[in-house]
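Have a look at the structure below, then the notes.
The values are calculated or read from the model by the stated rules, or taken from the named source; none is laboratory data. Being a predicted model, the structure only gives us computed values, none of them experimental. Cβ: placed from backbone, ideal geometry, glycine included. Neighbour counts: every protein chain shown. Just the protein is used for accessible areas: all its heavy atoms, side chains included, with ligands, DNA and RNA removed. Shrake-Rupley method; radii C 1.70, N 1.55, O 1.52, S 1.80 Å.
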Number of protein chains: 2
Amino acid sequence: MGKFCYGVDIGGTTVKMGLFTADGELLEKWEIPTRTEEAGKNVLPDIAASIRENMAGKNMADADVIGVGLCAPGPVDDSGVIYKAVNLGWGVMNVKDEMSKLVGLPVMVGNDANVAALGEMWKGGGDGSNNIVVVTLGTGIGGGVIVNGKVVSGFNGAGGEIGHIHINDDETEECGCGNKGCLEQYGSATGIARLAKRRLAEDDKASTLRVVDNVTAKDVFDAVKAGDEVAIEIAERFGDILGKGLAAIAGVTNPEKFVIGGGVSKAGDVLFEYIQKYFVKYAFHGCRDTKFVLAKLGNEAGIYGSAKLVIDGVK
Amino acid sequence: MGKFCYGVDIGGTTVKMGLFTADGELLEKWEIPTRTEEAGKNVLPDIAASIRENMAGKNMADADVIGVGLCAPGPVDDSGVIYKAVNLGWGVMNVKDEMSKLVGLPVMVGNDANVAALGEMWKGGGDGSNNIVVVTLGTGIGGGVIVNGKVVSGFNGAGGEIGHIHINDDETEECGCGNKGCLEQYGSATGIARLAKRRLAEDDKASTLRVVDNVTAKDVFDAVKAGDEVAIEIAERFGDILGKGLAAIAGVTNPEKFVIGGGVSKAGDVLFEYIQKYFVKYAFHGCRDTKFVLAKLGNEAGIYGSAKLVIDGVK
């Protein structure tokens, strides 16, 4: 087996790329623009050229390279076909075959959220534990469910779609998915802002949040840290709903750890105070000691996970 | 590899035993009593003797036998240790090692509910699909989550504890687990009887169920089939809650099929009418076409699954 591999995370604006050792040490990272014009036909050739250039600069032979791992935003099946990565302009394409031809190296492909979870398992908050659930609290809620060291992608690629677990029968507003009462309507950054808006409208109780235009999740948790009572009430509602959702997940795969990432996780350990309190309330007793940790890799999770994907896949 | 194997399901009253081909054909089945007295010290020797007797009767050599798969009611870890199978009188015991010594053949051990799910995957309702969730609607609700052909036992052996997913914030009665509002408080045989009792107490609407003492789940679904309006209302409430719970599970592992077993499943296909209607309402769109099928193996699921366990384990 070669000594190095490339991990590539294809986003709608930039492609993140990393050169790794087989042990997962990130030696070098760089970005290239994602040229989405003309149905994204340049995306893969640009990546292949950039990898070949990097290899040439280091006098690396093909035998030195295990392969190239790629992840992209869209459902990916086991044969490496990506179905409509709309942000990249792609239709249905066998990215694994295309990229293998272009770069002349073994290639493995995965969905970006799932691959990022793999990265966190390997070198991030999961810290080697091979039964974890990565929960990304961003604009929405994404999930990566890992069982026995493998991402659970599911029969239709909908494994880990935990943001759309139904949690509230009384919701009147629609979620982006078309349902009402989904977990991400309360637990995401947008959801927390919504909870705040609703709470503030209920009465006139004093709060530092009242002078803020368009309260964000960050504003809420900053105010929680400063002891603001209304902000603490909002955090309790957030914790109740998210704790309930994560307790349901624990009853399915009983992970060792929940690894919490995404923009909301920047609030830090204060989150756990509210999530774990309710998680313990709602979880089956056999799952109550599930650990909660923060994700560590930030936006490098995708390149780490892609590297892991190709290391495991080529073994 | 030998041509035959034994699948053994150790229950509190009887031990079910089966002789299988390596392809999973059940050639012969029989039962012996479970002698639970004296901390169940005779249970494993009795099983070993019965297997040896069966082999002798057929002039089978050790080389003809792949091994013995066992399942028992209790948490089992990967090394074959069972933690307190209270129904058998056992404390903590390495059943795999003990049984290997007694029977002189390779042994694999699993938890009975998980192993039964494996049996249904292999030769039952799962029909070869390797991403399924087996839902057992009995006195309680048990689950067996299978991903990539393997049972998800979870970090603490609490994988598949789907009966204790929290589903109702307003419940006042405690579940057997100590929480309030668990899925099995509504979706199990006991749960359906409870829903019926509550519905009948609400008003005086005419129903054939009013003349029945202690309405059971069977009474409810018999009345549903006969068109009884109150029974149909009860089935709707059951379907709403169970559909919601299964939708949450689908958002985690996105199975190809739910395989529904246990006593309640004797009602047959009529169940699906009520479960699927609400499942589709609550599930993420990517999971809505998950299939629902009835379990097929009944109380033979454990011996089939045990046989599969040893065939996979000895490979």
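Side notes on the structure shown:
- Summed over region B:101-129, residues that are farther than 30 Å from B:Lys266 by Cβ, surrounded by fewer than 19 Cβ atoms within 10 Å (Cβ to Cβ) and of a type outside the set (A, V, I, L, M, F, W, C) total 2.
- Options B:Val115, B:Val152: the member that is at negative phi, modelled with pLDDT under 95 and touching a Leu at 6+ places or on another chain (Cβ under 9 Å): B:Val115
- Residue that is nearest to B:Ile234 (Cα to Cα), among those in region B:272-303 that are touching a strand residue (DSSP E or B) at 6+ places or on another chain (Cβ under 6 Å) and open to solvent by less than 30 Å² (accessible area, probe 1.4 Å): B:Phe272
- Residue within region A:307-314 that is modelled with pLDDT of 95 or more and closer than 25 Å to A:Thr139 by Cα present: no
- Test: A:Ile132 is under 30 Å from A:Gly110 (Cβ atoms), within 14 Å of another protein chain (Cβ to nearest Cβ) and open to solvent by less than 30 Å² (accessible area, probe 1.4 Å): yes
- Test: residue in region A:277-299 that is touching a Cys at 6+ places or on another chain (Cβ under 8 Å) and part of a helix (DSSP H, G or I): yes
- Residue list for region B:249-271, filter: part of a helix (DSSP H, G or I) and either open to solvent by less than 30 Å² (accessible area, probe 1.4 Å) or facing chain A (nearest Cβ under 10 Å) (or both): B:Ile249, B:Ala250, B:Gly251, B:Val252, B:Thr253, B:Val264, B:Ser265, B:Ala267, B:Val270, B:Leu271
- In region B:177-204, the residues that are open to solvent by less than 10 Å² (accessible area, probe 1.4 Å) form Cβ pairs under 8 Å with partners that are of a type in the set (Lys, Arg), at six or more places apart or across chains, as follows: B:Tyr186/B:Arg194; B:Tyr186/B:Arg237; B:Arg199/B:Arg237.
- Here the condition is being in contact with a Phe, Trp or Tyr (Cβ under 6 Å, 6 or more places away or on another chain) and more than 26 Å from B:Asp289 (Cβ to Cβ); of A:Ile232, A:Ile192, it holds for A:Ile192 alone.
Rundown of residues vs (1) among the β-branched types (Val, Ile, Thr); (2) open to solvent by less than 50 Å² (accessible area, probe 1.4 Å); (3) touching a residue at least 12 places away in the same chain (Cβ under 8 Å), yes/no style:
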| residue | (1), (2), (3) |
| --- | --- |
| A:Gly7 | no, yes, yes |
| A:Leu19 | no, yes, yes |
| A:Lys29 | no, no, yes |
| A:Ile47 | yes, yes, yes |
| A:Met55 | no, yes, no |
| A:Met60 | no, yes, yes |
| A:Lys84 | no, no, no |
| A:Val92 | yes, no, no |
| A:Glu98 | no, no, yes |
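- Candidates A:Leu195, A:Leu242, A:Leu209, A:Leu200, filtered to the one that is modelled with pLDDT of 95 or more and within 22 Å of the chain's Cα centre (by Cα): A:Leu242
- Residue match in region A:176-184 (condition: closer than 14 Å to A:Gly140 by Cβ, not in a loop (DSSP other than H, G, I, E, B) and not hydrophobic (A, V, I, L, M, F, W, C)): yes
- Residues that are part of a helix (DSSP H, G or I) and open to solvent by less than 90 Å² (accessible area, probe 1.4 Å), drawn from region B:211-230: B:Ala217, B:Asp219, B:Val220, B:Phe221, B:Asp222, B:Ala223, B:Val224, B:Val230
- In region B:272-289, the residues that are more than 8 Å from chain A (Cβ to nearest Cβ) reach residues that are in a loop (DSSP other than H, G, I, E, B) with C-beta atoms within less than 7 angstrom, at least six apart or across chains, in these pairs: B:Val280/B:Arg288.
- Only a single item in (1) facing chain B (nearest Cβ under 10 Å); (2) out of contact with any His (no Cβ under 7 Å at 6 or more places or on another chain) is not met by A:Gly144, and it is number (1).
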